[in-house]
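Structure first, commentary second.
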Amino acid sequence: LRVGAAEQAQWQGFLVPQAQAAYNLPARIGDYTDFYTSIHHATNIGKQFRPDNPLLPNYQWVPIGYHGRSSSIVVSGTSFKRPVGQTKAPDAAVPTVKASARMDIELEMGIFVGQSNALGEPVSISEAEDHVFGLCLLNDWSARDIQPWEYQPLGPFLSKNFASTLSPWVVTLEALAPYRVAFARPEGDPQPLPYMDSAHNREAGAFDIALAVDLQTSKMRAAGEKAVQITQSNYRHAYWTVAQLVAHHTVNGCNLQPGDLLGTGTLSGPSLDQAAALIELTVGGKQPLTLPNGETRTWLEDGDAVVLRGWCERPGAARIGFGICEGQMLPARTL
């Protein structure tokens, strides 16, 4: 729960697999559900495919989510190979199997379930937070060229199940109490249905957690250059709260178990410089990022290391850090 000077130095430094190797996953994760809680992310992505109607009709009414793969969730400091999958170019007659050429990050938070509910017994929104142990950082890496061909009609598959990286630290809701903020929908948006609404959720259901992404390329590492920040955001911009996710997940009687993980989805903020994925930052690959050393990035390249950081601070309260969530992509296996 406390972050020392040595760990803060790692945030600004290099990938340190020796130090990270001592970490384990915070829990034995039985099930993993990934949500889509940033309306800004959903709008930015939607504009690239549906400029006149970026948000689908259900987005403002129901937390969108899908069940992910828990066995490939790894702890900070774990490297992974560039994934391989099936893709199809718009002008191609048949799909091909190849390594992803459009590897992306997703700056998220993870929500650990601490208390179960019985099968068939929903968790009310007033009791939802009692079932949550705490929050961590989550990078749900994404293969953007594999995803469009496979995700309809059931959702992401090989584009997501190769690796998801967690920070080893879990910060409890009790520790985050000083950083709670009011949850409110923009004027004119539909209000949550009653099972996802409460006075407490409106008054203090959101959290003021600053988030950032740092990138270090192989060239930077070889030159002794530190990782550079490429974006920053805040969890307070999420369209759905922790309590709402738990209440919705269980409204049909789904039984959550201790150690289950919920992902918030990409936590982009309201402006483009707060976008939490490369597909947004580069506008679908049309506007590459230029790094301080002159390198450019549209998508991740082999050897790139990505570090997610999160922290809370305000006058009169102790600064709380979430450690680091770090991963490095290695070349794909030989086909």
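Which residue, Val181, Val94, Val123, has the most motion in a Gaussian network model of the chain that connects Cα atoms within less than 10 Å?
Val94
Taking the chain as a Gaussian network, Cα atoms linked when under 10 Å apart, which of Gln191, Gln232, Gln115 shows the biggest mean-square fluctuation?
Gln191
Only Lys, Arg, Asp and Glu count, each charged at its Cβ (+1, +1, -1, -1), so figure out the dipole size of the chain about its Cα centre, rounded to 20 debye.
780
Stretch Ala222-Ser71 to full length: gain in nm at 0.36 nm per residue minus the Cα-Cα span? Mind showing how you got there, number by number?
Working: separation 151, 0.36 × 151 = 54.36 nm, distance 3.26 nm.
Taking Ala222 through Ser71 to full extension adds about 51.1 nm, to one decimal.
So which aspartates and glutamates pass the test for Lys81, namely a Cα distance under 15 Å, with those fewer than 8 places away in the same chain ruled out?
Partners within reach: Asp104, Asp140, Glu301, Asp302, Asp304, Glu326.
Sketch the reach of a paramagnetic label on Ala199 as a point 7 Å from Cα along Cα-to-Cβ, and name the residues of segment 119-152 whose backbone nitrogen lies under 15 Å away.
126-127
Rounded, prolate or oblate: which fits segment 179-230 when a ≥ b ≥ c are the square roots of the eigenvalues of the alpha-carbon gyration tensor, with rounded for a/c under 1.5 and prolate only if a/b beats b/c?
Numbers: a/c = 4.96, a/b = 3.45, b/c = 1.44.
Prolate shape, in that a/c is at least 1.5 and a/b is the bigger ratio.
Around Leu272, under 15 Å between beta carbons, what's the net of Lys plus Arg minus Asp minus Glu among the other residues?
Details: positive: Lys47, Lys286; negative: Asp273, Glu280.
Local charge sum for Leu272: 0.
Using the crude model of +1 on Lys and Arg Cβ and -1 on Asp and Glu Cβ, and no other charge, please compute the dipole size for segment 122-251 relative to its Cα centre, in debye to 20.
On the way: 9 positive and 14 negative charges, 103 e Å.
Dipole size: approximately 500 debye.
How much length, in nm to one decimal, is gained on full extension between Asn24 and Gln191, taken as 0.36 nm per residue of separation minus their Cα-Cα distance?
Numbers: separation 167, 0.36 × 167 = 60.12 nm, distance 4.00 nm.
This chain segment gains 56.1 nm when fully extended.
Take the alpha carbon gyration tensor of segment 128-208, find the square roots of its eigenvalues, order them as a ≥ b ≥ c, and report rounded if a/c is under 1.5; if not, report prolate when a/b exceeds b/c, else oblate. Can you show the working numbers first?
On the way: a/c = 2.75, a/b = 1.45, b/c = 1.89.
It comes out oblate by the Cα gyration axes.
For the charge dipole of the chain, defined by +1 on Lys and Arg C-beta atoms and -1 on Asp and Glu C-beta atoms about the Cα centroid, which residue among Ile39, Gln60, Asn255 has the Cα displaced farthest towards the positive pole?
Result: Ile39.
Summing -39500 (n - 2.57) over the DSSP H runs of n ≥ 4 in the chain and dividing by its residue number, what mean residue ellipticity at 222 nm do you reach, to the nearest 500 deg cm²/dmol?
Details: 9 runs with 55 residues, N = 335.
Computed ellipticity for the chain at 222 nm equals -4000 deg cm²/dmol.
For the chain, with a Gaussian network of springs between Cα atoms less than 10 Å apart, report the residue from Ala206, Ala184, Ala277 with the top mean-square fluctuation.
In this elastic network of the chain, the residue with the biggest mean-square fluctuation among Ala206, Ala184, Ala277 is Ala184.
Count the net charge of all other residues whose Cβ sits under 14 Å from the Cβ of Trp149, scoring Lys and Arg as +1 and Asp and Glu as -1. Could you put the intermediate results ahead of the total?
Details: positive: Lys88, Lys98, Arg102, Arg144, Lys160; negative: Asp91, Asp145, Glu150.
Counting the neighbours of Trp149, the net charge comes to +2.
Spin-label point model (7 Å from Cα, Cβ direction): what's the Phe49 to Phe80 distance in nm?
2.0
Using 1/(1 + (r/R0)^6) with R0 = 56 angstrom and r between the beta carbons of Ala317 and Val94, what's the FRET efficiency to the nearest 0.05? Before the final figure, lay out the partial values.
Numbers: r = 58 Å, r/R0 = 1.04.
According to the calculation, E is roughly 0.45.
Please arrange Ser38, Ser142, Ser70 by how many other C-beta atoms lie within 10 Å of their C-beta, fewest to most. Each step should come with its number before you reach the end.
Working: Ser38 30, Ser142 24, Ser70 18.
Exposure proxy ranking, most exposed first: Ser70, Ser142, Ser38.
Just report the Cα centroid separation between segment 183-202 and segment 49-83, whole Å.
Segment 183-202 and segment 49-83 have Cα centres separated by 23 Å.
Can you sort Ser116, Ser71 so the residue with the fewest Cβ neighbours within 10 Å comes first? Spell out each step's value before the answer.
Numbers: Ser116 15, Ser71 8.
In increasing order of surrounding Cβ atoms, one gets Ser71, Ser116.
What shape does segment 50-133 have by the C-alpha gyration tensor, where a ≥ b ≥ c are the square roots of the eigenvalues, rounded means a/c under 1.5, and otherwise prolate means a/b greater than b/c and oblate the rest? Please list the in-between numbers first.
Working: a/c = 2.61, a/b = 1.53, b/c = 1.71.
The shape class here is oblate.
Only the coordinates and a few stated rules stand behind these numbers; no lab work does. Not measured: the values here are computed from a predicted model. We place every Cβ from the backbone using ideal geometry, glycine too, and count neighbours over all the protein chains shown.
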